[in-house]
Amino acid sequence: MIQIETKADIQGRVREWKRAGATTALVPTMGALHEGHLALVECAAQEADQVVVSIFVNPTQFGPNEDFDAYPRNVSSDVDMLKAQGLASCVFAPGPSEVYPAWPNRTWVDVEGMDRTLCGASRQGHFRGVVTVVARLLAMVQPDVAVFGMKDAQQFFILRRMTEDMGFATRLVGVPTVREQDGLALSSRNRYLSEEDRYRARALYAAVQSARACILGGERRVDAIERVMRQELEGTRMDYASIVDTSLLMPVNELTSGMEVLAAVAVHFGSARLIDNALVTVP
Ligand code: AMP
């Protein structure tokens with residue numbers, strides 16, 4: 001597995017692969033890798049001949065009061081995990097000036113409206129940072145496929161819209177959320193949880209699963225479904241528990257047959273903010 005740190009080197013390497021007739025998949029991450037990330041790498045290896053895992057803790061997607069400085073960074077243990085898995089051909093860990101050659105950054109990619117609901121409502125500027133960094137990574141690596149986790153479903157739908165609108169030749173693939181045995185979605189932020197909060201955090205999965213059961217059971221009233229989610233989250237510091245459509249991520253009032261919706265929740269536990277969701281097609 002090779003390690004690359006510059007834009008020129010990654011471009012050269014992918015160009016060589018292309019010349020040899022090989023396809024490339026990119027898995028963008030912020031490091032602190034866990035089994036969830038490894039599932040994306042596994043999917044990437046099925047989708048393309050060569051897999052690039054990028055590791056970049058992107059400053060522009062953190063708000064002023066968020067955990068940018070405290071975000072766990074350990075590239076050498078990430079590299080060890082990827083080597084042990086044996087599926088990635090390359091780790092691309094660019095320094096900040098490769099991604100943001102001029103600082104402060106002036107050029108942004110924004111997907112209007114879709115970044116206002118769910119996590120976008122309380123994390124202003126977060127998705128603008130995510131979309132901008134992913135657009136730059138796609139421009140640098142020019143992969144045939146880019147793989148993302150559906151744990152961050154809002155991110156996935158926003159990025160899908162961006163790549164379609166911008167005409168990127170990259171196909172996006174979403175991988176189902178990898179979970180602990182009790183349902184908690186794996187996250188680099190789970191390590192911040194106290195023992196008690198770790199136990200209480202099971203409520204997120206319970207909430208989105210109840211929403212799914214309600215919808216599949218025939219419930220059409222969104223307020224009733226959201227109430228069920230809030231009940232599961234009672235006693236926690238909830239940020240949101242909402243049902244939105246997957247095309248514009250806007251709130252919906254009434255479900256109709258065939259509609260694809262996202263039942264999504266976010267909860268604060270101490271300094272950690274955890275999210276989860278269920279993607280449901282209304283029967
Ligand atoms: P991050 O490093 O947290 O920015 O995440 C990098 C990628 O891994 C994103 O596409 C996430 O959606 C994905 N990811 C994070 N946690 C999980 C998980 N538990 N299951 C599947 N994908 C995940």
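Read-outs: derived from the displayed coordinates by stated rules, not from any lab. It should be emphasised that the depicted structure is a prediction, and the values quoted were computed from it without experimental measurement.
Here are the numbers for the structure shown:
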read-out: When region 1-150 is reduced to its Cα atoms, the Kirkwood hydrodynamic radius in Å; value: 16.0
read-out: The chain, relative contact order [Cα under 8 Å, separation at least 6], %; value: 17
read-out: Residue-averaged 222 nm ellipticity for the chain, from DSSP H runs of 4+ at -39500 (n - 2.57), nearest 500; value: -11500 deg cm²/dmol
read-out: Descending semi-axes in Å of the chain, equivalent ellipsoid built from Cα gyration tensor; value: 32, 21, 19
read-out: Extension reserve of the GLU164-TYR199 stretch, reckoned as 0.36 nm per residue once the Cα distance is removed; value: 8.6 nm
read-out: ³J(HN,Hα), Karplus 6.51/-1.76/1.60, whole Hz, each residue of region 97-103, x for Gly, Pro; value: 6, 6, 8, 10, x, 10, 10
read-out: Rg ratio (alpha-carbon, reference 2.2 N^0.38 Å) - region 94-151; value: 1.24
read-out: Nearest 10 degrees, 0 to 90: helix 126-141 Cα axis against the chain principal axis; value: 30
